[in-house]
């Protein structure tokens, strides 16, 4: 295995592990039902982002001039980092956990491919189009098979307009997630270390989310369980997860990384069955199969065709 192939494989593995960690957030949040959803969003992404900045401070200081030179990318990335969790958790509040997760995560690969097509002139070949179609259809099947538990009393009387705005916020979450992934990848392409790129973007994003945490996170201090849930959300899925995600972006495209993160709703569904007690029908298992096929198509590289030897190096004819 060549060094490039090894980096490519390690990048995929890093994003896969990050997706598994992110898939635990829904189940973890069920252990703190009294905490406001915006408070969960702010503590997870806000504190997790600040932790990334603290751990990466040496890289940030070392590459301060490069970050300053590309400050527009860093600032725009921080804004998207801050908007994403607020839109994501608000989408789940308005449209339900299942619909909010499906729209936010399932549409992210489409958003990433569109962003790369617009800004990088990346072509959408048949393999990419097929993987996106399978992935999106898979999460839709998975969503249709998952019961909605969060906020069920409020959801019963929710109007169609609330549901519409929830879906719209889910699309915003998908776009902002794909956008800050692309911005981080762009910074890394411009010789900014992944730790410096992710640490600066998420650190600034965490600062932007700090006022939201002060306004909505009081319930986190009401019990030890709530506090432990907040610490877990910030330290494991957000901090460790995005650390791995940033490592993966060093060697794979942002659109590929977002397709791999379609594992997140699969992990969330399995944990919901195992821990929370939800059931999954054959439609849900079909969705998992389609998502697995999507990942296989997207991540496997074609072997290059063998290059024929030039005529000049052919063995001379016998005389």
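FYI, it's all coordinate maths here, none of it is from the lab. From a predicted model like this one, the values you see are computed outputs, not experimental measurements. Counting neighbours? That spans all protein chains shown, and the Cβs are built from the backbone with ideal geometry, glycine included.
For this structure, a couple of remarks:
- The order of the peptides 263-274, 62-73 by mean Cβ neighbours within 10 Å, most packed first, is 263-274, 62-73.
- Taking the Cα atoms of region 35-300, the ratio Rg/Rh between the radius of gyration and the Kirkwood radius comes to 0.97.
- 18 Å reach of a label modelled at residue 65, 7 Å along Cα-to-Cβ, counting backbone N of region 191-221: 191-193, 196-197
- Approximate spin-label separation residue 127-residue 274, in nm, with each point projected 7 Å along Cα-to-Cβ: 3.1
- Global form of region 82-135, assessed from the alpha-carbon gyration tensor, a/c cut-off 1.5: oblate
- Global geometry of region 1-81, whether rounded, prolate or oblate, following the gyration tensor of its Cα atoms and the 1.5 cut on a/c: oblate
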